[in-house]
1. Scan region 21-61 for residues that are of a type in the set (Gly, Ala, Ser), under 12 Å from Leu80 (Cβ atoms) and part of a strand (DSSP E or B) and report the count.
2. Only residues that are open to solvent by less than 70 Å² (accessible area, probe 1.4 Å) and over 18 Å from Ala136 (Cβ atoms): list them for region 27-45, please.
3. Could you look through region 88-104, keep only residues that are touching a Ser or Thr at 6+ places or on another chain (Cβ under 8 Å) and touching a residue at least 24 places away in the same chain (Cβ under 8 Å), and pick out the one that is farthest from Ala143 (Cα to Cα)?
4. Of the residues that sit in region 46-66 and are surrounded by 13 or more Cβ atoms within 10 Å (Cβ to Cβ) and modelled with pLDDT under 95, which one is farthest from the chain's Cα centre (by Cα)?
5. Provide a single number: the residues in region 67-83 that are open to solvent by 40 Å² or more (accessible area, probe 1.4 Å) and in contact (Cβ under 8 Å) with a residue 40 or more places away in the chain.
6. Which numbered condition trips up Val95, out of (1) within 18 Å of Gly129 (Cα to Cα); (2) touching a helix residue (DSSP H, G or I) at 6+ places or on another chain (Cβ under 7 Å)?
7. Can we say Val137 is in contact with a strand residue (DSSP E or B) (Cβ under 9 Å, 6 or more places away or on another chain), surrounded by 15 or more Cβ atoms within 10 Å (Cβ to Cβ) and in contact (Cβ under 8 Å) with a residue 40 or more places away in the chain?
8. Applying the selection to region 84-109, what residues are surrounded by fewer than 16 Cβ atoms within 10 Å (Cβ to Cβ) and in contact with a Leu (Cβ under 8 Å, 6 or more places away or on another chain)?
Amino acid sequence: MAQVEATTERVVAADPETVFDTLADYAGTRAKLLPEHFSEYEVREGGDGEGTLVHWRLQATSKRVRDCLLEVSEPTDGELVEKDRNSSMVTVWRVTPAGQGRSRVVVTTTWTGAGGIGGFFEKTFAPKGLARIYDAVLAKLAAEVEK
């Protein structure tokens, strides 16, 4: 079984603190940033960054749906880590300065992929599909913080 990784990034016209606070606001703004691939969104504990427990279903393809129960931590400044209790999936959001009043947001998701031929296809195609989903999240994030 191989490690599978999907990464996407975007520079947004807002300061890093605003961008990070928007991403960490699971009880408020975060649900508005999610495209149609996400459903059954529910904050179960906390709601603001570290200590949050959030649930959603992620439908990456017509046949592939993940039931996610994510524990949120903030190991360093500008970093949110979402660890799925139901799988090996971990998503890391990093927000860093990118010039005056701008921020770079990088989102990386990793998980242990399947073995065999199925694993080959997963490693080949899943990162592109997930990158498209997170591109949509980042576009909504930009629209939210650039108001």
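1. 0
2. Hits for region 27-45 are Gly28, Val43.
3. Ser88
4. Only one residue tops the list, namely Val65.
5. Residues meeting the conditions: 1.
6. (1)
7. So Val137 fits the description; yes.
8. Selection gives Arg85, Asn86.
The values are calculated or read from the model by the stated rules, or taken from the named source; none is laboratory data. Just so it is clear, the structure is predicted and the values come from calculations on it, not from any experiment. Cβ: placed from backbone, ideal geometry, glycine included. Neighbour counts: every protein chain shown. These accessible areas exclude ligands, DNA and RNA; they are computed on the full protein's heavy atoms, side chains included. Shrake-Rupley method; radii C 1.70, N 1.55, O 1.52, S 1.80 Å.
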